[in-house]
Amino acid sequence: MRARGLEAEGVDLPRDTAGFTRRECPGCLRPFKTRPGPHDARALLHKLQAFFSLENAHEGEEGLPVWRCPYCGHRAGADAFLTPAQQTHLESVARAWGNHVRYEQLSHVTRTLSLNPRPTFVAVAPESMPGPMDPEPDELLRVIPMLCCGEDVKMLWDWDQLIFCPRCGARHGGLSGRQQVHLELIPE
């Protein structure tokens, strides 16, 4: 009988039905959504490394993008825009991975018992890995196209001030005139 080790699992942030992932500004705490991009994996790796130390941590440091809040323009590393729920989930994943690695290291003694017939400890199997996060709910957020980068951002409906592109930081004028729709209910 052969013991099975921990299988590699992917970590993915939940998306809504349109494919957007929730973000939260660490400065103003306003929510917004963007579509996942190529730098999200580096942001997740950087956050996981904060909870689970790796010998090759320097490999994940290179290329962590700096994003901006579309509302206040706050600049921070991409991992700072994770929501508290996402950060809690990543912490539980990192701790579970750490427990599984530790278990495999301690179980090596049991597997090689013929070389060391008197172990002084017993490895206890860790809890199972946490499952994926719940899907992101669809909210009434307005989709704003960022012409500078060709991406879309979902923002609060009532925001009509200056907008910053989360990826490149370009400033876009607030919504006014033809871009803003005013609805008026007329009783019949």
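No lab work stands behind these numbers, since they all come straight from the coordinates. Quantities reported herein were computed from a predicted structural model and do not represent experimental measurements. Neighbour counts are summed over all protein chains in view; Cβ atoms, including those assigned to glycine, are modelled from backbone coordinates with ideal geometry.
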Would you mind checking which residues have amide H under 5 Å from R35's amide H? H placed 1.01 Å from N; only 5 or more apart, or other chain. T21, D152
Around G19, what is the net charge, scoring Lys/Arg as +1 and Asp/Glu as -1 over all other residues with Cβ under 15 Å from its Cβ? -2
For the residues L147, L82, what sequence is obtained by ranking on other C-beta atoms within 10 Å, fewest first? L147, L82
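What does the charge count around D79 come to, taking other residues whose C-beta lies under 9 Å from its C-beta (Lys +1, Arg +1, Asp -1, Glu -1)? Could you put the intermediate results ahead of the total?
Working: positive: R42, K47; negative: none.
It works out to a net charge of +2.
How far, in nm, would the chain grow between L113 and A85 when pulled straight, counting 0.36 nm per residue and subtracting the alpha carbon separation?
Details: separation 28, 0.36 × 28 = 10.08 nm, distance 4.25 nm.
Gain on stretching L113 to A85: 5.8 nm.
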What's the ranking of 137-146, 84-93, 112-121, 156-165 by average number of surrounding C-beta atoms within 10 Å, highest first? 84-93, 156-165, 137-146, 112-121
Modelled label reach - D134, point 7 Å along Cα→Cβ, the range 75-104 residues with backbone N closer than 19 Å: 83-93
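Summing +1 for each Lys or Arg and -1 for each Asp or Glu, what net charge is found among the other residues whose Cβ lies under 10 Å from the Cβ of P135?
Charge balance in the 10 Å sphere: -3.
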